[in-house]
Amino acid sequence: MAEHEPSRGRSDEWYTPPHIFEALRLTFDLDPCSPGPTHWVPAARVFTKDDDGLAQPWRGRVWMNPPFGGRHGHLPWLKKFLLHGNGIALVRAYTSSAWFHAYATCAEAMLFPKGKTKFIRPDGTIGRSPGHGIVLLSMGAVCNHALWQSGLGLWVPLGGRPLRLVAA
Ligand SMILES: C[S@@+](CC[C@H](N)C(=O)[O-])C[C@H]1O[C@@H](n2cnc3c(N)ncnc32)[C@H](O)[C@@H]1O
């Protein structure tokens, strides 16, 4: 298992590499799962673990790289992101998982970055190469376009299947 993959007791403190934000050329209104306001995600407002970003109302364009929170701990975050309908989310590209086909495919577009995305530790060092890829999911016209123009990898338009059609 790669060092930042979800499992009990593992740290949530693995940060998105800045080159992703440079390629997206977007600023966000909110990062609902953040280590704190001085983090490099270009978001005007953040929620941290102390705020519990999942329980807060989200407004505007959102960047979301959710905490693992154990097996499938990212799913409540992903559902909230899809219902919110404005933003870009980063989740693992577990294309063999039921959750991926049920929920990730409800986004309006997705992009599979080329290569393995190496996450960054709180001390600024770069993590080892993960055992899997990631996928970026977008909702809303501005974010769909940002993903498309980023050049980060394979962009797939999906159209946004309504979440209500997904069995609970
Ligand atoms: C995978 S990191 C992503 C950090 C940052 N958003 C990024 O993209 O680099 C997830 C972050 O969520 C924070 N976190 C954990 N539980 C949270 C909660 N309930 N509400 C808000 N943030 C939380 C962790 O402290 C961690 O900094």
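Below, the figures for the structure above:
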read-out: Average accessible area per residue (Å²) across the chain - probe 1.4 Å, nucleic acids and ligands excluded; value: 50
read-out: Percent carbon-and-sulfur accessible area, the chain, ignoring ligands, DNA and RNA, probe 1.4 Å; value: 54
read-out: Beta bridge orientation in region 18-165: antiparallel %, DSSP, nearest 5; value: 70
read-out: Distance between region 92-115 and region 126-152 - C-alpha centres, whole angstrom; value: 11
read-out: Where N is the number of residues in region 60-124, Cα Rg divided by 2.2 N^0.38 Å; value: 1.15
read-out: Unit charges on C-beta of K, R, D, E only; dipole of region 18-165, Debye; value: 360
read-out: Semi-axis lengths, Å, the chain, gyration tensor of Cα atoms, sqrt of 5 times eigenvalues; value: 21, 18, 18
read-out: Alpha-carbon centroids, region 67-81 and region 8-62: separation in whole Å; value: 14
read-out: Rh (Kirkwood; distinct C-alpha pairs) - region 99-166, Å; value: 13.3
read-out: Placed amide H near Tyr15: partners under 5 Å, 5+ positions off or other chain; value: Ile120, Arg121
read-out: Per-residue HN-Hα couplings for region 32-37 [Karplus 6.51, -1.76, 1.60; θ = phi - 60°; Hz; x = Gly/Pro]; value: x, 9, 10, x, x, x
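The values are calculated or read from the model by the stated rules, or taken from the named source; none is laboratory data. Keep in mind that this is a model prediction, so the values were computed, not measured. Please note: Cβ atoms are built from the backbone with ideal geometry, for glycine as well, and neighbour counts cover all protein chains shown. Ligands, DNA and RNA are stripped out before the accessible areas are found, and what is left, the full protein with its side chains, is counted by its heavy atoms. Shrake-Rupley method; radii C 1.70, N 1.55, O 1.52, S 1.80 Å.
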